[in-house]
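Asker: One structure follows; several queries about it will come next.
The values are calculated or read from the model by the stated rules, or taken from the named source; none is laboratory data. Just so it is clear, the model here is predicted, and its values are computed rather than measured. Glycine gets a Cβ as well: all are built from the backbone with ideal geometry, and neighbour counts include every protein chain shown. Accessible surface is based on the protein model in full, side chains and every heavy atom, while ligands, DNA and RNA are left aside. Shrake-Rupley method; radii C 1.70, N 1.55, O 1.52, S 1.80 Å.
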Amino acid sequence: MIQWLSHKLGLKACPECDILVDYAMDGLPEGQQDKVRSHLSACPRCREQVRDYWQVREGLGLCSQQHEAPQDLCSKVLARLNEVPRETPFETARPEALSRPAPLSGWPRFWMFTGPAFAALSLVMSLVALAALAQQKPQPAAPQENALATISNAVINDPHAAHVVLTAAGPSQQANGMLVLCPGMDHAYLSFEHLSPCPLGNDYVLWAKAQDASPRRLARFSVEKEGANVYLLQLDQAFQASGPMQFMVTQQSGGAPAGPAWLKGSVNL
């Protein structure tokens, strides 16, 4: 959910065209191939491009002409072999035979005849791909993307929104961030830096605690890369609070936070 929202908000860039072409031709390493496949599951625009490249690849397979061997080929070869006199086991090679270069055979002969065909096929493939890229037109933003952008602007620019500065409070001493919540809305804007990627099977949890009350979970999110990250969080329920509030980010889930907090912040609503 968080990856999809981040892509829709334009926070994660799409792969370049040459990477999508290599993916369609199965030319990427296995790890990078899986990353592009994961991106395509949430990006209709890139998925449409890859579908076009697949169609180009299938069409190029039909470009070369197929020729069938003549029906009398075997009989002609056998007749020709019978016409050539066989040498005795102890017959010495003739001087003129030693001076004449041996004809090419095997792979050298194969590439001599098929190399130009492969080169022409590669040229056709490149021209078709360039033509497809030249005809591609930018697509307007989907209504759902505009809706998410509208929600983000509404949360950040609302005059009643609470801006909470988050500072490091746990294993990552360089971590910091900003949390923006608006009373009555079920979305929150979260940006942070230097928060370590989640271990396998774990997520980060955003908690809120009012004075003399137990902490309650606001949302869960995952971190895929260390560095600057921005998210539009879907809260468990619309945010409603007043008075002094404390916020924390942990790597634990369940009924209450456990373990060290990675980020902390407070605000008076």
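Asker: Among (1) modelled with pLDDT under 80; (2) surrounded by 10 or more Cβ atoms within 10 Å (Cβ to Cβ); (3) in a loop (DSSP other than H, G, I, E, B), there is one condition residue 105 misses while meeting the rest; what is its number?
Answerer: It is condition (2) that residue 105 fails.
Asker: A further question follows. In the stretch 222-254, how many are of a type outside the set (S, T, N, Q) and assigned to a strand (DSSP E or B)? Break it down into steps so the answer makes sense when it comes.
Answerer: The first filter runs over the stretch 222-254 and keeps only residues of a type outside the set (S, T, N, Q), leaving 223-228, 230-233, 235-236, 238-239, 241, 243-245, 247-249, 254.
Pick out the ones that are also assigned to a strand (DSSP E or B) and you get 230-233, 244-245, 247-249.
Number satisfying all stated conditions: 9.
Asker: Which residues, counting only those in the stretch 191-212, are open to solvent by 40 Å² or more (accessible area, probe 1.4 Å) and either in contact (Cβ under 8 Å) with a residue 40 or more places away in the chain or assigned to a loop (DSSP other than H, G, I, E, B) (or both)? Quick ask: steps written out before the conclusion?
Answerer: Filtering the stretch 191-212 down to residues open to solvent by 40 Å² or more (accessible area, probe 1.4 Å) leaves 193-194, 197, 199-203, 209, 211-212.
Hits for the stretch 191-212 are 194, 197, 199, 200, 201, 202, 203, 211, 212.
Asker: Identify, please: which residue in the stretch 35-91 is at pLDDT below 65, open to solvent by less than 100 Å² (accessible area, probe 1.4 Å) and not acidic (Asp, Glu) and is, among those, farthest from residue 23 (Cα to Cα)? Step through it out loud before you land on a result.
Answerer: Step one: list which residues in the stretch 35-91 are at pLDDT below 65, which gives 60-67, 84-91.
If we keep only those that are open to solvent by less than 100 Å² (accessible area, probe 1.4 Å) as well, we get 60-61, 63-64, 84, 88, 91.
Still in the running and not acidic (Asp, Glu): 60-61, 63-64, 84, 88.
Numbers: 60: 17, 61: 17, 63: 22, 64: 23, 84: 53, 88: 58 Å.
Residue satisfying both the conditions and the ranking: 88.
Asker: Determine if the stretch 171-180 includes at least one residue that is farther than 30 Å from residue 13 by Cβ and open to solvent by less than 10 Å² (accessible area, probe 1.4 Å).
Answerer: Keep residues of the stretch 171-180 that are farther than 30 Å from residue 13 by Cβ, which gives none.
The answer is no, given that none of the residues of the stretch 171-180 is farther than 30 Å from residue 13 by Cβ and open to solvent by less than 10 Å² (accessible area, probe 1.4 Å).
Asker: Right, something else. Name the single residue that is modelled with the highest pLDDT among those in the stretch 1-34 being touching a strand residue (DSSP E or B) at 6+ places or on another chain (Cβ under 7 Å), in a helix (DSSP H, G or I) and hydrophobic (A, V, I, L, M, F, W, C).
Answerer: Here is the first cut: in the stretch 1-34, the ones touching a strand residue (DSSP E or B) at 6+ places or on another chain (Cβ under 7 Å) are 1-2, 5-6, 9, 11.
Next, from what is left, pick out any that are in a helix (DSSP H, G or I): 2, 5-6.
Among the residues that remain, those that are also hydrophobic (A, V, I, L, M, F, W, C) are: 2, 5.
Working: 2: 42, 5: 48.
The extreme case among them is 5.
Asker: Continuing with the same structure: Output the residues belonging to the stretch 213-228 that are surrounded by 15 or more Cβ atoms within 10 Å (Cβ to Cβ) and hydrophobic (A, V, I, L, M, F, W, C).
Answerer: Those that are surrounded by 15 or more Cβ atoms within 10 Å (Cβ to Cβ) and hydrophobic (A, V, I, L, M, F, W, C): 218, 219, 221, 223.
Asker: Right, something else. Answer yes if at least one residue in the stretch 175-186 is closer than 18 Å to residue 260 by Cα, in contact (Cβ under 8 Å) with a residue 40 or more places away in the chain and not in a strand (DSSP E or B), and no otherwise.
Answerer: Pass one, the stretch 175-186, residues closer than 18 Å to residue 260 by Cα: 175-177.
Right, trim to in contact (Cβ under 8 Å) with a residue 40 or more places away in the chain and you get 175-177.
So of that shortlist, the ones also not in a strand (DSSP E or B) come out as 175.
Yes, the conditions are met somewhere in the stretch 175-186.
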